[in-house]
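The values are calculated or read from the model by the stated rules, or taken from the named source; none is laboratory data. Everything numeric here is computed off the predicted structure, so don't read it as measured data. Heads up, the Cβs are rebuilt from the backbone with ideal geometry, glycines too, and the neighbour counts pull from every protein chain shown. These area figures cover heavy atoms from the full protein model, side chains too; ligands, DNA and RNA do not enter into them. Shrake-Rupley method; radii C 1.70, N 1.55, O 1.52, S 1.80 Å.
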Amino acid sequence: MLDQADGYTTADGRKIGPVVMEMKNITLRFGGVEAIKDISFDIREGEIRAIIGPNGAGKSSMLNVISGFYVPQEGQVFYQGQPRPPMKPFQVARQGIARTFQNIALFEGMTVLDNVMTGRLTHMQTGLFWQSMWKGKAEEEETANREVAEKIIDFLEIQAIRKTPVARLPYGLKKRVELARALAAEPSLLLLDEPMAGMNVEEKEDMSRFILDVNDEFGTTIALIEHDMGVVMDLSDRVVVMDYGKKIGDGTPDEVRNNQDVIDAYLGVAHD
Amino acid sequence: MFYREAGEFRTTYKEDSQTFPIRFDRWRYYFVLFVAICVIPFMVNDYWVNSIFLPFLIYAIAAIGLNILVGYCGQVSLGTGGFMAVGAYACYKLMTAFPDVSMFIHVILAGVITAGVGMLFGLPSLRIKGFYLAVATLAAQFFLVWLFNRVPWFYNYSASGQINAPERDTFGILITGPNTEAWATYVFCLIFTVVSAIIARNLTRGSVGRKWMAIRDMDIAAEIIGVNPLTAKLSAFAISSFFVGISGALFFSVYLGAVEVGEAFGINKSFLVLFMIIIGGLGSIFGSFAGAAFLVLLPVALKVVGVDWLGWPTDIVAHLQLVIVGALIIVFLIAEPHGIAQLWRVTKEKLRLWPFPH
């Protein structure tokens with residue numbers, strides 16, 4: 001079922017579309033260290049794709065390759081069918097790829113609302129002159145984008161803190177604000193780097209619900225890195241497993257769970 | 001007339017994003033504007049204008065400019081004096097080359113030229129940050145002062161090496177030179193200050209401002225979100241230098257009238273303006289005004305108290321003044337490192353809940 005060119009249907013009946021992003025034979029080196037060795041996989045429209053693996057497996061590096069932060073030495077990234085030339089991160093953002101960070105990277109000096117509004121920057125084009133006048137073009141653009149931002153704020157249930165400076169928020173909320181900022185860009189591909197790191201069970205449940213809702217309501221394609229196996233297996237449609245920079249498994253959660261390599265390398269035989 | 005937010009409901013995003021969303025604030029702002037425009041010009045004399053209003057208004061523009069760069073965009077600059085000198089010399093060259101053009105145009109053009117120079121010296125910011133950038137801008141400071149000292153073309157080959165503001169007018173009213181009216185120079189500077197503040201506020205509350213603040217708070221995340229660091233940083237340098245250039249032009253042409261570059265626009269000036277925004281509050285337009293007021297008015301106030309009221313000798317008061325201002329700066333930075341603007345913000349938050357804080 002997986003290899004059909006125009007997508008597949010998931011177990012819970014969602015239609016998954018064609019390939020949005022394809023990584024072909026990616027190799028990334030830092031000096032003598034090979035962080036990623038010849039990895040190929042694809043991300044399809046509308047799916048939740050997880051990348052898992054033990055510490056140091058190269059997951060975050062992989063995400064950084066997708067978001068344009070690292071340029072791989074070998075291999076090619078295809079985005080929406082086109083080979084993507086080496087780009088600056090802000091150009092990648094303008095193509096509709098948004099991400100969150102493993103260690104929260106919010107703008108601490110700004111309010112929640114301003115943080116979410118920065119997520120809209122790729123949609124705001126008014127020139128300096130009109131902005132200095134404010135009345136007219138700039139104000140209209142601001143209002144139109146504010147409406148979108150407020151929708152996201154409603155969606156993630158952070159209305160009460162919209163005027164609070166981010167620096168004052170607790171960790172769990174910060175993670176949610178960061179998701180809001182990424183969502184505000186209305187991305188076609190959303191990358192989440194350990195969205196549930198350091199959260200308690202309740203917060204994890206909330207976050208999982210939000211991720212599913214985002215995928216469901218906005219149809220956003222999501223690629224995520226996560227350590228909590230329970231969460232990964234529940235959320236994702238397909239999983240890539242990495243170990244020491246190599247891909248050792250790729251498929252539905254069930255397939256991955258029964259893959260001997262994965263069990264050996266990651267889940268561990270002795271522990272069960 | 002108490003500061004109250006209760007009972008004010010904003011139903012549109014436009015209302016919510018205005019500069020003074022709270023009615024009391026808005027009226028206070030209109031009141032201050034009214035007094036500044038309709039009352040003060042009829043009451044001022046030379047002493048008030050030259051020792052209080054002109055320096056306050058002009059330094060406020062410089063502080064707004066520097067605040068955009070340091071407070072909003074996070075790029076430390078020690079080149080303010082040098083950029084003010086660019087504004088002053090640009091204004092001087094324009095005044096002498098085109099005597100019939102209105103002073104408004106000259107001052108604005110001086111700002112535009114400074115913006116260009118500022119962008120040029122902002123280029124290193126694309127590679128270096130923090131203290132290292134501060135040192136790079138320090139180089140701009142020394143280079144620019146040296147340039148204006150050494151190249152006679154800039155001071156029109158005058159024998160003294162100084163530049164003197166010739167008599168120029170706007171709409172038939174003398175603005176520069178020795179025969180100006182106090183109210184005219186005051187109103188001229190006031191217009192520039194008010195418009196600068198409004199423009200700065202408009203820029204910082206919109207998408208450009210968010211780009212700057214994103215670069216300031218976390219440049220890597222900003223880039224991933226779609227901020228081009230090149231345009232964001234250079235636009236901050238350009239806008240900041242534009243205001244600093246205007247303030248330099250006014251400082252020379254309207255306030256001092258004659259300038260020797262090393263004396264008027266030396267490194268001391270850079271530090272003075274930097275202190276203003278640190279004391280006033282980084283990343284706040286109000287803070288720029290507060291800081292400028294603090295450092296311009298405090299010395300005058302101390303002098304009035306010391307010499308006129310207590311009758312102490314002038315030299316003792318002058319020295320005491322330095323000691324007290326210095327001590328106050330330290331006290332201030334320990335008590336409220338985020339400046340007067342933060343103090344005001346905290347007060348407002350307390351007042352919101354007063355008198356039932358729980």
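Data overview
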{"read-out": "Subset of the stretch B:307-319 that is open to solvent by 60 Å² or more (accessible area, probe 1.4 Å) and of a type outside the set (Phe, Trp, Tyr) - its residue that is nearest to residue B:296 (Cα to Cα)", "value": "B:319"}
{"read-out": "Where a residue in the stretch A:73-90 is on the phi > 0 side of the Ramachandran plot and its partner, wherever it lies, is modelled with pLDDT of 90 or more and open to solvent by 80 Å² or more (accessible area, probe 1.4 Å), with Cβ under 9 Å and at least six apart", "value": "A:75/A:24; A:75/A:38"}
{"read-out": "Selection within the stretch B:141-161 - surrounded by 15 or more Cβ atoms within 10 Å (Cβ to Cβ) and not in a helix (DSSP H, G or I)", "value": "B:161"}
{"read-out": "Residue B:283, sole failed condition from (1) outside any helix (DSSP H, G or I); (2) open to solvent by 50 Å² or more (accessible area, probe 1.4 Å)", "value": "(2)"}
{"read-out": "Lone unmet requirement of (1) open to solvent by 20 Å² or more (accessible area, probe 1.4 Å); (2) within 14 Å of another protein chain (Cβ to nearest Cβ); (3) of a type in the set (A, V, I, L, M, F, W, C) for residue A:190", "value": "(1)"}
{"read-out": "Residue satisfying condition, being within 12 Å of chain B (Cβ to nearest Cβ), outside any strand (DSSP E or B), within 19 Å of the chain's Cα centre (by Cα) and surrounded by fewer than 17 Cβ atoms within 10 Å (Cβ to Cβ), within set A:64, A:103", "value": "A:103"}
{"read-out": "Residue under evaluation residue B:254, criteria (1) crowded, with 24+ Cβ neighbours inside 10 Å; (2) out of contact with any Ser or Thr (no Cβ under 6 Å at 6 or more places or on another chain); (3) of a type in the set (A, V, I, L, M), criterion not met", "value": "(2)"}
{"read-out": "Failed condition for residue A:231, given (1) in contact (Cβ under 8 Å) with a residue 60 or more places away in the chain; (2) within 17 Å of the chain's Cα centre (by Cα); (3) away from chain B (no Cβ under 14 Å); (4) under 21 Å from residue A:102 (Cα atoms)", "value": "(1)"}
{"read-out": "Per-region count, the stretch A:237-248, residues open to solvent by less than 10 Å² (accessible area, probe 1.4 Å) and within 15 Å of the chain's Cα centre (by Cα)", "value": "2"}
{"read-out": "Residues located in the stretch B:186-229, provided they are among the aliphatic types (A, V, I, L, M) and within 30 Å of residue B:254 (Cα to Cα)", "value": "B:187, B:190, B:191, B:194, B:195, B:197, B:198, B:199, B:200, B:203"}
{"read-out": "Any hit, the stretch B:9-21, residues being on the phi < 0 side of the Ramachandran plot and away from every other protein chain (no Cβ under 14 Å)", "value": "yes"}
{"read-out": "Hey, residue A:98 part of a strand (DSSP E or B), within 21 Å of the chain's Cα centre (by Cα) and at the interface with chain B (Cβ under 9 Å from one of its Cβ atoms) or not", "value": "yes"}
{"read-out": "Hey, residue A:90 closer than 30 Å to residue A:244 by Cα, at the interface with another protein chain (Cβ under 8 Å from one of its Cβ atoms) and within 15 Å of the chain's Cα centre (by Cα) or not", "value": "no"}
{"read-out": "Whichever residue in the stretch A:106-125 is open to solvent by 10 Å² or more (accessible area, probe 1.4 Å) and among the polar types (S, T, N, Q) and, among such residues, is farthest from the other protein chains (Cβ to nearest Cβ)", "value": "A:111"}
{"read-out": "The stretch A:22-34, residues that are of a type outside the set (Ser, Thr, Tyr), assigned to a strand (DSSP E or B) and surrounded by fewer than 21 Cβ atoms within 10 Å (Cβ to Cβ)", "value": "A:22, A:24, A:25, A:29, A:30, A:33, A:34"}
{"read-out": "Residues satisfying the stated conditions in the stretch B:163-173, i.e. open to solvent by 30 Å² or more (accessible area, probe 1.4 Å) and over 16 Å from residue B:258 (Cα atoms)", "value": "B:169, B:171, B:172, B:173"}
{"read-out": "Residue, surrounded by the fewest Cβ atoms within 10 Å (Cβ to Cβ), within the stretch A:132-153, restricted to residues that are more than 9 Å from chain B (Cβ to nearest Cβ) and in contact with a helix residue (DSSP H, G or I) (Cβ under 7 Å, 6 or more places away or on another chain)", "value": "A:136"}
{"read-out": "Scan of the stretch B:75-125 for residues that are free of Cβ contacts under 8 Å to residues at least 40 places away in the same chain, farther than 18 Å from residue B:270 by Cβ and more than 19 Å from the chain's Cα centre (by Cα), ordered by number", "value": "B:94, B:97, B:98, B:100, B:101, B:105"}
{"read-out": "Scope the stretch A:67-100; condition open to solvent by 20 Å² or more (accessible area, probe 1.4 Å) and in contact with a Phe, Trp or Tyr (Cβ under 8 Å, 6 or more places away or on another chain); matching residues", "value": "A:84, A:95"}
{"read-out": "Among the candidates B:282, B:302, B:256, residue that is under 30 Å from residue B:19 (Cβ atoms) and touching a helix residue (DSSP H, G or I) at 6+ places or on another chain (Cβ under 8 Å)", "value": "B:282"}
{"read-out": "Qualifying residue in the stretch B:215-232 (condition: more than 14 Å from chain A (Cβ to nearest Cβ), open to solvent by less than 10 Å² (accessible area, probe 1.4 Å) and farther than 24 Å from residue B:77 by Cα)", "value": "no"}
{"read-out": "Output for the stretch A:198-232, where each listed residue is aliphatic (A, V, I, L, M) and surrounded by 17 or more Cβ atoms within 10 Å (Cβ to Cβ)", "value": "A:199, A:207, A:211, A:214, A:222, A:223, A:224, A:225, A:231, A:232"}
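Residue by residue, here is whether (1) at the interface with chain A (Cβ under 9 Å from one of its Cβ atoms); (2) in contact (Cβ under 8 Å) with a residue 12 or more places away in the chain; (3) open to solvent by 30 Å² or more (accessible area, probe 1.4 Å) holds:
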residue	(1), (2), (3)
B:198	yes, no, yes
B:207	yes, no, no
B:210	yes, no, no
B:234	no, yes, no
B:237	no, yes, no
